[in-house]
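What follows is a single structure, written as C-alpha cells, with notes after it.
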Amino acid sequence: WNPQHAKECGRITAYEIRASSIPWNYAPVLDISKQPLWGRIFETFGEDTYLASEMGKAFVAGSQGTHISDTTSAAVCLKHFIGYGTPMNGKDRSPAIIPEHYLRQYYLPPFKTAIEHGTLTIMLNSGILNGIPGHADGYLITEVLKKELGFQGFTISDWDDISNSHKVHRVAKDKKEAAKLAVLAGMDMCMVPYDASFAVNVAVSVMT
C-alpha cells in the first residue's frame, strides 16, 4: 500500500538486473484480478484499480529512472494486456468474459497510467477475452492500446502464445496464419522459447 516501496523495488531490481547485463524486466504485472481462484494473484497489486495504478506508476519510475540509457535503469514490460487476471474458471491462460464498460472502468486505468508515465513495452494477454485470443485482438492492441491510449513503445507476445492461436485457440489453421494474425493485430515482437520459425512464417506471409 506504499508507492514509495514499489518505486524502491523497481529501482533495486533494475540496478541488480543491469549488473547482470539484463536491460529489460518483464514487470510489473498490472492485471486486476477479481477471481480468487486464479493462482497468480500474488504477482499483482491486487483487485483495486486505483491501488494498482499508483503502485504500477511508482514501479515504472523506479525501474526506468530519469532515462533508460542510465546504467542502473531497466525497461519495464507491463503485463498482461488485458483482462488476463480474471479467467472465468480460475485457471491460468483461460478465457475471461469482461463487459467493455467494466474493462474500461476497472482494468484499463493501471495500464493507461503507466503508459502516461513512460512505459516502454507491454506484454499481451495469453488467454481469450470475450471470445478473442489476446494475441489476435486488433481492436484492443491497435485501436485501444496504440491509438486511443497513445502507446508509443512496442508490444511483445507472451511465452509461445502466437503458435497457441493455432494449437490451443484454433483461430488459425497453422503457425504461419497464427503469426500473420498476431502481426496484423499489432504485436511487435515475438517471445518464442525454442523455435525460430516465427521469422520465417512472417516472411512467407508477406510474400504471399
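The values are calculated or read from the model by the stated rules, or taken from the named source; none is laboratory data. Note that the coordinates shown come from a computational prediction; the quantities given were computed from them, not determined experimentally. Quick reminder, even Gly has a Cβ in these numbers, built from the backbone with ideal geometry, and neighbours come from all protein chains shown. Surface areas here come from the heavy atoms of the whole protein model, side chains and all, with no ligands, DNA or RNA. Shrake-Rupley method; radii C 1.70, N 1.55, O 1.52, S 1.80 Å.
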TODO: Output the residues belonging to region 109-154 that are touching a helix residue (DSSP H, G or I) at 6+ places or on another chain (Cβ under 9 Å), of a type in the set (Ser, Thr, Tyr) and at pLDDT 95 or above.
DONE: THR113, THR119, TYR139, THR142
- [ ] Only residues in region 29-49 that are open to solvent by 50 Å² or more (accessible area, probe 1.4 Å) count as the first member; pair them with residues that are among the β-branched types (Val, Ile, Thr) and assigned to a loop (DSSP other than H, G, I, E, B), Cβ under 7 angstrom, at least 6 apart or cross-chain, and list the lot.
- [x] LYS34/THR86; GLU47/ILE32
- [ ] Kindly list, by first and then second residue, each pair from a residue in region 174-193 that is charged (D, E, K, R) to a residue that is open to solvent by less than 30 Å² (accessible area, probe 1.4 Å) and modelled with pLDDT of 95 or more, limited to pairs with Cβ atoms under 6 Å and residues at least 6 apart or on different chains.
- [x] ASP188/THR155
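Quick grid of which residues meet (1) in contact (Cβ under 8 Å) with a residue 24 or more places away in the chain; (2) among the aliphatic types (A, V, I, L, M); (3) closer than 26 Å to MET88 by Cβ:
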{"site": "ILE122", "(1), (2), (3)": "yes, yes, yes"}
{"site": "ASN130", "(1), (2), (3)": "yes, no, yes"}
{"site": "ASP137", "(1), (2), (3)": "yes, no, yes"}
{"site": "SER157", "(1), (2), (3)": "yes, no, yes"}
{"site": "SER197", "(1), (2), (3)": "no, no, no"}
{"site": "SER205", "(1), (2), (3)": "yes, no, no"}
Open item on the list: I'm trying to understand the selection: among the residues of region 7-36, which are within 21 Å of PHE81 (Cα to Cα) and out of contact with any Pro (no Cβ under 8 Å at 6 or more places or on another chain)?
Closed with: TRP24, ASN25, TYR26, ALA27, PRO28, VAL29, ASP31, SER33, LYS34, PRO36
Open item on the list: Please pick out the residue among GLY62, GLY39, GLY56, GLY46 that is farther than 21 Å from HIS117 by Cα and either among the small types (Gly, Ala, Ser) or in contact with a Ser or Thr (Cβ under 8 Å, 6 or more places away or on another chain) (or both).
Closed with: GLY39
Task: Yes/no for GLU16 being over 15 Å from ASN125 (Cα atoms), outside any strand (DSSP E or B), open to solvent by 10 Å² or more (accessible area, probe 1.4 Å) and in contact with a helix residue (DSSP H, G or I) (Cβ under 8 Å, 6 or more places away or on another chain) - done: no
Open item on the list: Taking the condition of being under 17 Å from the mean Cα position of the chain (by Cα), of a type outside the set (A, V, I, L, M) and either within 12 Å of GLY118 (Cβ to Cβ) or surrounded by fewer than 18 Cβ atoms within 10 Å (Cβ to Cβ) (or both), how many residues in region 65-90 meet it?
Closed with: 0
